[in-house]
Amino acid sequence: MGRSRTSIRFALGSTAVAALLLQAASAGAVTIAIDATAKVHPINPMIYGAAFASTKALTDLNLPLNRSGGNATSTYNWLTNASNRANDWYYESYPDPDAGKGKSADQFVNSTKQAGAQPILTVPLVGWVANLGNNRAILPSFSVAKYGAQCSTDFWFPDAGNGLKPDCSTPITGNDPADAYVPDSTAAEKKWIQHIVGKWGPSAGGGVNYYAMDNEASIWFSTHRDVHPVGPHGVEYRDKVIAMSAAIKAVDSNAKIMAPEEWGWSGYQLSGYDQQYAPQHGWSVFPDRDGPQSGLDYIPWLLKSWKKSGHPVDVVSIHFYPQSGEFGNDTSQSMQLLRNRSTRQLWDPNYTSESWIGDKVNLIPRLRNWVDTYYDKGTPIAITEYNWGAEKHINGATTLADVLGIFGREQLDMATYWTLPDAKTPAYNAIKMYRNYNGSGGAFGDSSISTSAPNPDNLSAFAALRTADGAMTAMVINKNLSSNASITLNLKHFTAAGTAKVYQLTAANKIKSIANVAWSGGKLTTTVPKQSITLFVLPKS
């Protein structure tokens, strides 16, 4: 996970003030232009994924993809069924409940497959995996008994420290990785893949199809500094992916390799070594970028190198979290308005991130351009961690609905939310609006079509055609904090008249089937409430 690496809070500036004034006014009449024959392309259902979702949730939400990832998976020891919690929790090597070899990973695969979904498994590359003490006892990397008093210790296991001296700023250095780990290798991980294929069959026969190459490797020096205190050079990660891909495909030739699984903006541009070295030297020296990378940013250099080495990666995958505090529970007015705007980072080439990034992120087009330029055009792209926060609030739901619509419109190939909202939250229901809005498998269409609204910061809309019945589905997301909106769907090249079924999610946090709405002359006019998600299902004549 890379959610809190460098996030800073957003200071209310002129952009936010303008947004406040705009939303204070009535939403007024909004015309949404939809053309059923323009910009038509498939929506990959794999964009509707999650992480560590249960069979029940996967089934209820009709999700096709489930990821096992995060910091702990970087150190998963399949032989002992244990992992180290890294800096998430006192660097403790912790046993999973069952001692069976690979048991927790197998249980994850099983529960995922029971729901008809596909699993993603993360393969460790950091070089060490968790060890356990006698009788599967927890082992700490920074034992207080061995390394002395520390800033903080685990309340339940006081010998486990956080690796900082009592001043809470000086890191303990020179610790022995063997305190809580055993060495790992490509050969050792290959045996795990053999175990997986032996139990579940090859990917082409219904086994595990996707393997992610570790998790946010460029910041091992932070998350896993007990075993990798120096940020990895680009060549280290590049070569480890090449070797692990070859090992996996020697066992299962059709398996798909996902990389680089980088954490965010800095991880797209700089290797782990440069991310650690540059701030210590005034941000003026970048040994990897200025050396082996010949001036290229990190991910483009990885892609170019991997292409030259024989295309070991099948899906180019990254993580992204907004960096102005959106990922959190803040629902102040200014933060809600920021969430409404900041999804532009996914697609808008003219939007400058209102965070420390301070640049035009343009994430999905940027990632696609990197792949087409430096790797192989058409290679699938994925965002395997993302989250805009406020899951318990309707603002989190409207934001998530906006994100999912953007994924489909911008032709992202795969996405997995981190991790999955609680079933009682509006955010959970926002996903359900796309995948199972009526509780009977009703889903948003599978072919995106041209849809435009005048100001997506206030009201966004996405439309698609559904192959199964020819219906048009139109998702209208009113982000306004205080104003209803009178909307007109202006339909081109679709049935001129009919009656639409309508499903709606509001702050009441229940998906409701509300009164049907008739349309004629290619126009459907109605009103949608403030902070709401409304799905119109327009049957084909």
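The values are calculated or read from the model by the stated rules, or taken from the named source; none is laboratory data. Since this is a predicted model, take the numbers as computed values, not measurements. So basically every Cβ, Gly included, is an ideal-geometry build from the backbone, and we count neighbours across all protein chains shown. Just so you know, the surface numbers come from the protein's heavy atoms only, side chains and all, with ligands and any DNA or RNA stripped out. Shrake-Rupley method; radii C 1.70, N 1.55, O 1.52, S 1.80 Å.
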Within the bounds of region 333-344, is there any residue that is in contact with a Gly (Cβ under 8 Å, 6 or more places away or on another chain), basic (K, R) and at pLDDT 95 or above?
yes
Given the criterion crowded, with 16+ Cβ neighbours inside 10 Å and touching a residue at least 60 places away in the same chain (Cβ under 8 Å), identify the matching residue among S309, S305.
S305
If you check every pair at least six apart or on different chains, which have Cβ atoms under 6 Å apart with a residue in region 322-336 that is among the hydroxyl-bearing types (S, T, Y) first and a residue that is modelled with pLDDT under 95 second?
S324/F10; S334/L12; S334/A16
Yes or no: V285 of a type in the set (V, I, T), touching a strand residue (DSSP E or B) at 6+ places or on another chain (Cβ under 8 Å) and surrounded by fewer than 24 Cβ atoms within 10 Å (Cβ to Cβ)?
no
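Out of the residues in region 396-427 that are outside any loop (DSSP other than H, G, I, E, B) and in contact with a Lys or Arg (Cβ under 6 Å, 6 or more places away or on another chain), state the one that is nearest to N215 (Cα to Cα). Don't jump to the end; show me each part of the working.
Initially, region 396-427 is screened for residues outside any loop (DSSP other than H, G, I, E, B), giving 396-409, 414-416, 426-427.
If we keep only those that are in contact with a Lys or Arg (Cβ under 6 Å, 6 or more places away or on another chain) too, we end up with 398-399, 416.
Values: T398: 28, T399: 25, T416: 14 Å.
The selected residue is T416.
Here is a list: G231, G207. Which entry is of a type in the set (G, A, S), over 28 Å from Y298 (Cβ atoms), part of a loop (DSSP other than H, G, I, E, B) and within 24 Å of the chain's Cα centre (by Cα)? Write out each step before concluding.
Working: G231 fails: over 28 Å from Y298 (Cβ atoms).
None of the others qualify; the one that does is G207.
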The lone exception for G2 - which of (1) in contact with a His (Cβ under 6 Å, 6 or more places away or on another chain); (2) small (G, A, S); (3) farther than 29 Å from G325 by Cβ; (4) at pLDDT below 95 it fails:
(3)
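Which of the residues belonging to region 509-528 are open to solvent by less than 30 Å² (accessible area, probe 1.4 Å) and either touching a helix residue (DSSP H, G or I) at 6+ places or on another chain (Cβ under 8 Å) or more than 30 Å from S332 (Cβ to Cβ) (or both)?
Within region 509-528, the first condition is being open to solvent by less than 30 Å² (accessible area, probe 1.4 Å), and the residues that meet it are 517, 519, 522, 524, 528.
Residues satisfying the conditions are V517, W519, G522, L524.
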In region 138-151, the residues that are in contact (Cβ under 8 Å) with a residue 24 or more places away in the chain and under 36 Å from the mean Cα position of the chain (by Cα):
I138, L139, P140, S141, F142, S143
Qualifying positions in region 472-508 - open to solvent by 40 Å² or more (accessible area, probe 1.4 Å) and touching a helix residue (DSSP H, G or I) at 6+ places or on another chain (Cβ under 6 Å):
A507
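Within region 371-392, which residues are closer than 16 Å to A259 by Cβ, out of contact with any Leu (no Cβ under 6 Å at 6 or more places or on another chain) and open to solvent by less than 50 Å² (accessible area, probe 1.4 Å)? Steps first, please.
We begin by selecting, within region 371-392, every residue closer than 16 Å to A259 by Cβ; these are 371, 374-376, 379-385.
Filter once more, keeping what is out of contact with any Leu (no Cβ under 6 Å at 6 or more places or on another chain): 371, 376, 379-380, 382-385.
Within region 371-392, V371, T379, P380, A382, I383, T384, E385 meet the criteria.
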